[in-house]
Amino acid sequence: MLRRTKIVATIGPAVDSADALERMIAEGVDIIRANFSHGSAAEHKKCIQRVRDCAAKLGRIVGILVDLQGPKIRIARFKNDKVILEDGATFILDADFSPYDGTQEMVGIDYKQLPQDLKIDNILLLDDGRIQLIVKKIVGSQIVCNVIAGGELSNHKGINLKGGGLTADAITQKDRDDLKTAAELGVDYIALSFPRNAEDILRARALLDEANSKAGIIAKIERTEAVAAIDEIIDVSDGVMVARGDLAVEIGDAEVPAVQKHIIDRARAANKPVITATQMMESMIHSTIPTRAEVSDVANAVLDGTDAVMLSAETAVGDHPDKVVAAVSRICLGVEKHPQTQVSRHRVDRCFMRVDEAIAMAAMYVANHMDIRAIIALTESGATPLWMSRIHSGIPIYGMSRHALTRGKMALYRDVYPIDFDVTPLERQQVNRAAVAELQKRGIVKKGDLVALTKGDDIGIHGGTNVLKILEVGNVDLV
């Protein structure tokens with residue numbers, strides 16, 4: 001049984017060798033995430049090349065996603081690395097204070113505009129909400145707070161404003177530099193941290209265009225403002241990520257499950273892929289098995305229709321990266337047996353304005369009403385298999401493309417399995433047979449199986465899909 005939901009895994013010290021990385025990829029990783037919040041450009045280049053080498057060795061197509069750091073809204077450092085804040089105590093955040101000399105009473109902040117963004121009685125959430133402060137007074141660069149939920153606070157912990165509203169630009173100078181690096185490395189996706197609206201996505205797109213990159217942009221939904229603007233953000237993005245960590249801090253953890261379902265639903269309705277992320281298998285940073293709650297969390301994301309689930313610290317710094325991937329894969333496969341994941345009413349009441357989209361939808365309708373073993377989409381851009389992947393069917397879609405970037409992007413799409421296949425050297429009468437023969441060679445289909453195939457009359461033309469054929473393996477039409 002093929003796993004239809006994709007797995008995104010983060011690289012880090014735990015997989016900082018070819019052997020460890022190979023073991024993790026062999027368990028079924030589809031997309032590797034490089035977190036540009038850490039490490040130098042040279043280190044990232046080395047790691048990404050290692051990923052490509054390992055994937056090639058294993059005969060796998062693995063996409064590369066670069067996750068930009070975004071604005072640093074964090075406290076600075078303490079003299080003794082950490083303090084204990086008592087409930088009811090006064091604690092000051094000071095934009096002009098030394099970045100290294102924090103005390104029990106005061107600490108510096110990286111985001112110098114914070115005093116201008118705040119009002120009296122605002123609630124600040126530090127360290128993912130573990131520490132809560134209420135703003136009592138703002139005097140110049142100082143934000144004077146009372147501690148309403150205390151505890152241990154250590155260096156460089158994040159700051160969120162409950163309810164959102166911080167004005168920090170989503171694209172920092174570091175992000176601009178990292179975008180250029182990512183473009184030079186030819187990655188498949190860029191994840192933009194903390195976008196507030198569609199304009200932030202469009203600015204990132206312009207920077208990628210300047211760098212001659214066709215990488216897709218994944219909008220990380222982690223601000224209150226982004227939830228409110230979700231449709232416009234989805235419209236200009238190539239996909240979205242439900243980044244539940246900062247999102248939970250801003251909107252409240254109790255709101256996240258319903259918002260997750262809403263974002264997944266809106267992304268699928270707009271024919272865009274969606275990733276569900278953050279703490280999906282957190283206990284497996286050290287444990288060899290997940291908790292029952294984590295199993296349910298992953299399972300519910302799959303039932304919601306997510307294209308991919310993402311692992312962060314679990315694979316970046318965890319003790320068992322390959323075991324985590326294996327566990328997620330096992331959970332996804334278990335859920336995908338459920339009839340709910342194989343039935344769809346996606347766009348059944350819509351008229352199609354594009355021929356290639358209509359062909360994609362027709363292929364899925366036919367496949368769901370015949371004994372079709374596999375679907376072949378000969379594609380330049382990956383658009384046709386993306387449309388197909390919005391339909392729940394349980395029938396594997398093989399996106400065959402000559403373009404590495406297209407194959408890398410398709411690695412994210414639910415139900416889609418990218419294959420390196422170049423139709424341009426073939427005569428028209430050879431294309432169908434060659435495509436089906438590729439699946440036969442891989443042991444995917446056998447003589448007598450039915451295969452649905454989509455392609456364009458004009459080979460190698462972007463957006464030209466206008467043909468749907470039903471082929472019998474061993475008796476394939478010439479054209």
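Just a few scattered comments:
- Put the Cα centre of the range 1-65 next to the Cα centre of the range 352-386 and the gap is 29 Å.
- Size of the range 1-69 as Cα extents on the principal axes (Å, biggest first): 39, 22, 18
- Pairs with C-alpha atoms separated by more than 19 Å, drawn from the list Lys214/Lys455; Lys272/Lys337; Lys272/Lys409; Lys214/Lys409; Lys180/Lys214; Lys72/Lys174, are Lys214/Lys455; Lys272/Lys337.
- Rg(Cα)/(2.2 N^0.38 Å) for the range 123-217, N = residue count: 1.43
- CD proxy at 222 nm, helix term only [per DSSP H run n ≥ 4: -39500 (n - 2.57); per residue of the chain; nearest 500]: -10000 deg cm²/dmol
- Coupling constants for the range 53-68 follow from the phi torsions by the Karplus curve (6.51 cos²θ - 1.76 cosθ + 1.60, θ = phi - 60°), and in residue order they are 5, 5, 4, 5, 4, 8, x, 10, 9, 10, x, 10, 10, 9, 9, 6 Hz; glycine and proline get x.
- With bins 20 Å wide beginning at 0, the percent of Cα pairs of the chain falling in each bin runs 23, 53, 20, 4, 0.
- Counting only alpha carbon atoms, the long axis of helix 256-269 and the longest principal axis of the chain meet at about 40°.
- For Arg330, Arg3, Arg292, the sequence from fewest to most other C-beta atoms within 10 Å is Arg292, Arg330, Arg3.
- Residue-span extension gain [Ala228 to Ile123] - 0.36 nm each, minus C-alpha spacing: 35.8 nm
- Sites excluded, chymotrypsin sites (Phe, Trp or Tyr not before Pro) in DSSP loops with at most 14 other C-beta within 10 Å, longest stretch of the chain: 101-351
- Residue-wise HN-Hα couplings along the range 316-321, as the Karplus relation 6.51 cos²θ - 1.76 cosθ + 1.60 with θ = phi - 60° gives them from phi, are 6, 10, x, 7, 9, x Hz; Gly and Pro carry x.
- Using θ = phi - 60° and Karplus 6.51 cos²θ - 1.76 cosθ + 1.60, couplings along the range 114-122 (whole Hz; Gly, Pro as x): 3, x, 6, 7, 9, 10, 4, 6, 4
- By other beta-carbon atoms within 10 Å, ranking Lys174, Lys6, Lys119 with the fewest at the front produces Lys119, Lys174, Lys6.
- The convex hull drawn around the Cα atoms of the range 355-472, when projected onto a plane and averaged over every direction, covers 6.3 nm².
- 5 angstrom amide H check on Asp128, placed H, neighbours 5+ away: Gly158
- Compactness of the range 82-161 was expressed as the Cα radius of gyration divided by 2.2 N^0.38 Å, which yields 0.95.
- Projected label distance in nm at Ser37 and Asn155, using a 7 Å step from Cα toward the beta-carbon: 1.6 nm
- Percent of Cα pairs in the range 31-143 per distance bin of 10 Å, from zero to the largest separation: 12, 33, 21, 17, 13, 4, 0.
- Cross-link partners of Lys162 among lysines (Cα-Cα below 16 Å; sequence separation of 8 or more within a chain): Lys119, Lys136
Throughout, read-outs are computed from the coordinates displayed, never taken from laboratory work. All figures in this text were calculated on a predicted structure; none of them were measured in a lab. For neighbour counting, all protein chains shown are included, and Cβ atoms are generated from backbone atoms with ideal geometry for every residue, glycine included.
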